[in-house]
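A quick write-up on the structure given underneath.
The values are calculated or read from the model by the stated rules, or taken from the named source; none is laboratory data. Just so it is clear, the structure is predicted and the values come from calculations on it, not from any experiment. Please note: Cβ atoms are built from the backbone with ideal geometry, for glycine as well, and neighbour counts cover all protein chains shown. Just so you know, the surface numbers come from the protein's heavy atoms only, side chains and all, with ligands and any DNA or RNA stripped out. Shrake-Rupley method; radii C 1.70, N 1.55, O 1.52, S 1.80 Å.
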Amino acid sequence: MYYKLINQKFEDIFDHTPFLSVRAPGRINLIGEHTDYNHGFVLPAAIDKAIYFAISPRNDQECKLYSYDLHDSHQFSLEKIEKSDKGWANFLIGVLAEIIKKGHKIPNGFNVVFGGDVPLGAGLSSSAAVESGMGFALNQLFNLGISKLDLALIAQQAEHNFAGVKCGIMDMFASIHGKKNSVIKLDCQDLSFEYFPFHAPDYTIVLCNSGIKHNLGDSEYNKRRAECEEGVKIMQNAFPQINSLRDVSAQMLRSQSDKLPSIVYKRCKYVVEEIERVTIACEALEKDDLVTFGQKMYETHEGLSQEYEVSCIELDFLVEQTLSLETVIGARMMGGGFGGCTINLVKTDAVDTFIEEIQTAYNQTFNTELHSYKVNITNGVEEIRKAQVSV
Ligand code: GLA
């Protein structure tokens with residue numbers, strides 16, 4: 001168990017048992033990509049890959065952070081909270097800073113060790129898991145009384161202000177609100193949500209990690225967001241009532257095609273269609289119609305690749321490989337893009353063959369290893385164990 005390693009490390013470094021252990025999961029997203037910051041719908045779920053935290057309060061104002069995976073530490077005082085030149089530390093510091101900005105009082109410093117098995121840069125939201133776990137841990141540790149929704153919003157602000165990515169709310173929302181065997185249909189306009197049981201006994205969710213890290217992704221991500229905002233701004237001339245692409249129908253968009261720069265039009269077209277697809281996909285899920293659901297996933301990939309242009313040759317290859325397979329009913333790139341994973345719905349009895357064949361094909365084509373994971377849908381961030389210790 002990963003959390004035992006983290007707890008052990010904590011004991012080795014700080015010489016006492018952690019007060020609190022927390023598990024904060026990564027996420028998948030079944031459908032609804034790049035719709036969250038456009039106030040549309042998303043359909044994510046928390047998964048059995050997570051970041052674990054071991055944490056204790058201190059008697060002074062010092063905060064000591066240790067990254068188990070990077071074997072690196074960072075220390076600062078609550079009296080001087082500022083960005084670090086260590087990128088990993090900023091995810092934690094950012095959450096702390098945003099909590100304080102909201103008016104909460106952090107009375108003492110703390111010791112924390114964290115690490116886990118969410119692969120970095122794979123589109124499984126390791127950073128959101130870190131931020132969500134940190135917020136949850138501080139909330140528990142100091143009884144701050146922050147709601148789950150506010151924890152998600154705090155984590156999002158930390159990502160904006162400390163990591164510089166203008167991400168939507170999906171990743172942290174899923175890490176915090178996840179529910180075993182259910183997907184979350186989240187309306188990113190008013191943040192209302194409902195759980196849908198993900199009932200697919202004959203299918204397994206398989207992720208194929210291209211190994212391409214989306215470094216370029218962050219700046220391109222912000223660019224896509226800006227292009228969508230530009231589209232809304234231009235269309236407001238004709239439709240002053242619209243606030244986001246959520247308020248734009250396919251017909252309204254078509255009527256503005258000559259007013260929008262062609263790139264902006266393509267981006268908006270993808271988003272407007274994707275928002276609609278999530279609704280259709282959810283209706284299909286309610287009817288246990290996984291075939292329709294899978295088709296929508298393929299359509300999403302096509303849009304992300306051709307219109308939103310956030311795919312890459314490796315991801316396109318992985319999706320194309322599944323097109324001729326009867327054992328795969330849906331596949332697409334997942335997350336922000338420019339690398340990371342594809343998500344595949346694969347007939348359970350064919351999973352091992354699928355993985356073996358796609359790994360071989362990938363290796364032959366790109367001369368790199370393809371890591372594949374079968375994932376299960378789990379609860380969101382939670383406390384693992386609490387021990388009363390004197391600090
Ligand atoms: C990243 C962002 C999310 C979302 C996805 C794309 O994961 O963090 O907010 O925009 O990309 O759907």
- Taking only Cα atoms, what is the 0 to 90° angle, nearest 10, from helix 290-306's long axis to the longest principal axis of the chain? 90 degrees
- Note on the structure: Summing -39500 (n - 2.57) over every DSSP H run of at least 4 in the chain, dividing by its residue total and rounding to the nearest 500, the 222 nm mean residue ellipticity is -13000 deg cm²/dmol
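Which order do the peptides 363-370, 240-247, 166-173 come out in when sorted by mean C-beta neighbours inside 10 angstrom, highest first? Please report the intermediate quantities before stating the final value.
On the way: 363-370: 12.4, 240-247: 15.0, 166-173: 25.0.
Highest to lowest by the protection proxy: 166-173, 240-247, 363-370.
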- Using the per-residue mean of other Cβ atoms lying within 10 Å as a proxy for protection, in what order, highest first, do the peptides 54-64, 70-80, 120-130 fall? 120-130, 54-64, 70-80
- Treating the angle as unsigned and between 0 and 90°, give the value, to the nearest 10°, between the Cα long axis of helix 313-323 and the longest Cα principal axis of the chain. 60 degrees
- For the range 203-375, average projected area of the Cα convex hull in nm²: 10.7 nm²
- Query: Does the range 24-147 come out rounded, prolate or oblate, given a ≥ b ≥ c as the square roots of the eigenvalues of its C-alpha gyration tensor, rounded meaning a/c under 1.5 and, failing that, prolate meaning a/b above b/c?
  - Reply: prolate
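Any chance you could list the semi-axes, whole Å, largest first, of the equivalent ellipsoid that the Cα gyration tensor gives for the chain, using √(5λ)? Don't jump to the answer; show the numbers that get you there.
Numbers: eigenvalues 252, 131, 68 Å².
Value: 36, 26, 18 Å, ordered largest first.
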- Item | Too-long pairs where the Cα-Cα distance tops 28 Å, listed order kept, from Lys80/Lys179; Lys269/Lys374; Lys86/Lys166; Lys9/Lys86 | Lys80/Lys179; Lys269/Lys374
- Query: Who wins for biggest fluctuation among Glu356, Glu159, Glu227 in a Gaussian network model of the chain, springs between alpha carbons below 10 Å?
  - Reply: Glu356
- Query: What is the distance, in nm, between label points placed 7 Å from the Cα along the Cα-to-Cβ direction at Thr348 and at Asn108?
  - Reply: 4.7 nm
- Between Glu286 and Gln75, Cβ-based FRET efficiency (R0 56 Å, step 0.05) works out to 0.65
- Task: Would you mind getting the accessible area per residue of the chain, heavy atoms of the protein chains only, 1.4 Å probe, in Å²?
- Result: 42 Å²
- What ³J(HN,Hα) values, in whole Hz, does the Karplus curve 6.51 cos²θ - 1.76 cosθ + 1.60 give for the range 47-54 when θ = phi - 60°, with x put for Gly and Pro? 10, 7, 10, 8, 9, 10, 10, 10
